[in-house]
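Below is one structure; the comments refer to it alone.
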Amino acid sequence: MHHSDTGEHIHDSNNVLQYIDFPTCAETNKPLSLKYNSDGPQNCTITIDDPLFHLLEFYIHNDAPLSCRVPSRPPFSVSLRPLNTETAADLKEEEKDEFVPLIFALTGQLQLSHLHVNTRMNVLLHSVPKHHRQKRDSGVIDSGTAYSTSPLSASGHTKRVVIGDELTLQFHVRWFQSPELALGAGGGG
């Protein structure tokens, strides 16, 4: 988590970064989750309160990253945990610290009274086969990244936002079964 007034990371008394859940999505009434190994679009509508508005300013201006983490071994859904508190007591000893960073490169424009936020996000996740710790465990998450698409305001994917507005983010999720992008995955010459 970041301080909304400075953009600095929040640490606990042992100087460990703290994580909180992603803001609650209106569609599910839960923080954003991604189904493990499932491609496709997913929307998440969040309400922009004062602290989140100021964090979006930091993220769009690239003063601070929108840093999340995902468990490397998923249960049956993968919850995004932006930088704040993880309930370590809920985790088995061997599962602690098994997280993969997921950084969102959020783009938009800063204005004096409002923001323009690009609402379309590509989310790329890579998994690799590993030993099975539980039934139906098909491997572990190796790496991931997320970024805004269509950064031009004329594209129709930029939303003007003020405090109190709702913002619908459109996530286009793609899973790869290796640490590399597959050849022929849509690259142009």
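The values are calculated or read from the model by the stated rules, or taken from the named source; none is laboratory data. Computed from a predicted model, the values in this text were never measured in an experiment. Cβ coordinates were reconstructed from backbone atoms using ideal geometry, including for glycine residues, and neighbour counts include every protein chain displayed. Accessible surface areas use protein heavy atoms only, side chains included; no ligands, DNA or RNA. Shrake-Rupley method; radii C 1.70, N 1.55, O 1.52, S 1.80 Å.
Scanning segment 16-47 for residues that are touching a Cys at 6+ places or on another chain (Cβ under 7 Å) and of a type in the set (A, V, I, L, M) gives 32, 46. One residue stands out among those in segment 20-48 that are of a type in the set (Val, Ile, Thr) and touching a helix residue (DSSP H, G or I) at 6+ places or on another chain (Cβ under 9 Å): the one that is nearest to residue 10 (Cα to Cα), which is 48. All conditions but one from (1) closer than 26 Å to residue 18 by Cβ; (2) at pLDDT 90 or above apply to residue 114; the one that does not is (1). For segment 52-74, how many residues meet the condition of being part of a loop (DSSP other than H, G, I, E, B) and not acidic (Asp, Glu)? Qualifying residue count, segment 52-74: 6. May I ask you to verify whether residue 87 is of a type in the set (S, T, N, Q), closer than 24 Å to residue 21 by Cβ, exposed (fewer than 15 other Cβ atoms within 10 Å of the Cβ) and at pLDDT 90 or above? Answer is no for this residue. For the criterion of being open to solvent by 40 Å² or more (accessible area, probe 1.4 Å), within 16 Å of the chain's Cα centre (by Cα) and at pLDDT below 85, residue 62 passes. Scanning segment 103-126 for residues that are in a strand (DSSP E or B) and within 14 Å of the chain's Cα centre (by Cα) returns 103, 104, 105, 120, 121, 122, 123, 124, 125.
I'd like the full set of residues that are surrounded by fewer than 17 Cβ atoms within 10 Å (Cβ to Cβ), in contact with a Phe, Trp or Tyr (Cβ under 8 Å, 6 or more places away or on another chain) and not acidic (Asp, Glu), limited to segment 36-59. Within segment 36-59, 37, 38, 41, 43 qualify.
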